[in-house]
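The values are calculated or read from the model by the stated rules, or taken from the named source; none is laboratory data. From a predicted model like this one, the values you see are computed outputs, not experimental measurements. Cβ atoms come from the backbone with ideal geometry, glycine included; neighbour counts cover every protein chain shown.
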Ligand code: ATP
Ligand code: MG
């Protein structure tokens, strides 16, 4: 009977970024396996070091940072204005998204005090800004933010407790055009990142009603929604709109073919996808 990697070996190989084929290899006996391990570990360490050298000498910014710049530049070209809003969110703003005690997201919120939390999403702040901007600017009003969001997650390879959300919203999209526009905006973001194979799946969200999810196989890269919507009135919004939010680390993860989002997130163990304790 053939044998697999030991759990310690497997864990180390995962940390170093081994692909599925390598992880699933089997061996005749422990000696063959252990010598294969040493070879694989050496090769992966070399790859990680090479990437870190390339970062040091040529690229200077991690892929996730570079993707952010590409997104910002292209969205500016598409007429979207970048906004920067507070990371600390009041409970009343959260409640206006119907994230009340009964909602599943409530358990994921990091509270700083009784009435302040770290934002789990950008939508409340963007809603708030739109109300003023629609008075001040001609429609369509196009804005986006890219910045940290926080959710208590039970770990896993696709979830971080702190991640970077890109959320863009357009107020004043012609009625009847919202779904088409949402698809266009999803296509723009996928084009910037260079992801060609993705699916758009319609589903129902408790917070946003009908949503359009951008999927790569089983992984959700982004969620879009559109209005008029039941939440709009309490934010003083009455025009049709479309909005879509992406996790930047998920985009970077798919782009690089990483299996674990931790490689591209805020980290003390990884830099630009490379393991540091090597
Ligand atoms: P999922 O169902 O995958 O947990 P979600 O539907 O709860 O995601 P949304 O609220 O739709 O997430 O947020 C928009 C996008 O933000 C997601 O499509 C995903 O790319 C990203 N995102 C959400 N939560 C996280 C997280 N904990 N870590 C990394 N990215 C996240
Ligand atoms: Mg979603």
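When restricted to residues that are within 13 Å of ligand 2 (Cβ to nearest atom) and either within 25 Å of residue 125 (Cβ to Cβ) or touching a residue at least 24 places away in the same chain (Cβ under 8 Å) (or both), the stretch 187-210 contains 8. Of all the criteria given as (1) within 29 Å of residue 135 (Cβ to Cβ); (2) surrounded by 15 or more Cβ atoms within 10 Å (Cβ to Cβ), the one not satisfied by residue 198 is (1). Selection over the stretch 158-191 of residues that are more than 14 Å from residue 244 (Cα to Cα) and part of a loop (DSSP other than H, G, I, E, B) gives a count of 9. Every listed requirement among (1) within 13 Å of ligand 1 (Cβ to nearest atom); (2) without any contact (Cβ under 8 Å) to a residue 24 or more places away in the chain is met by residue 228 save one, (1).
Residues that are within 16 Å of ligand 1 (Cβ to nearest atom) and not in a loop (DSSP other than H, G, I, E, B) were ranked within the stretch 231-245; the one that is nearest to the chain's Cα centre (by Cα) is 245.
Looking only at residues in the stretch 97-138 that are under 19 Å from residue 241 (Cβ atoms), at pLDDT 95 or above and part of a loop (DSSP other than H, G, I, E, B), the one that is nearest to ligand 1 (Cβ to nearest atom) is 121.
Report, by residue number, each residue of the stretch 211-238 that is away from ligand 2 (no atom under 15 Å from the Cβ) and touching a helix residue (DSSP H, G or I) at 6+ places or on another chain (Cβ under 7 Å). If the condition is that a residue be away from ligand 2 (no atom under 15 Å from the Cβ) and touching a helix residue (DSSP H, G or I) at 6+ places or on another chain (Cβ under 7 Å), then 235, 236, 237, 238 are the ones that fit. The set of residues from the stretch 202-218 being within 22 Å of residue 231 (Cα to Cα) and in a strand (DSSP E or B) comprises 202, 203, 204, 205, 209, 210, 211, 212, 213. Among the residues of this structure, residue 61 does not count as one that is at pLDDT 95 or above and within 30 Å of residue 134 (Cα to Cα). Every condition in (1) within 28 Å of residue 137 (Cβ to Cβ); (2) without any contact (Cβ under 8 Å) to a residue 40 or more places away in the chain; (3) in a loop (DSSP other than H, G, I, E, B) is met by residue 94 except one, and the failing one is (3).
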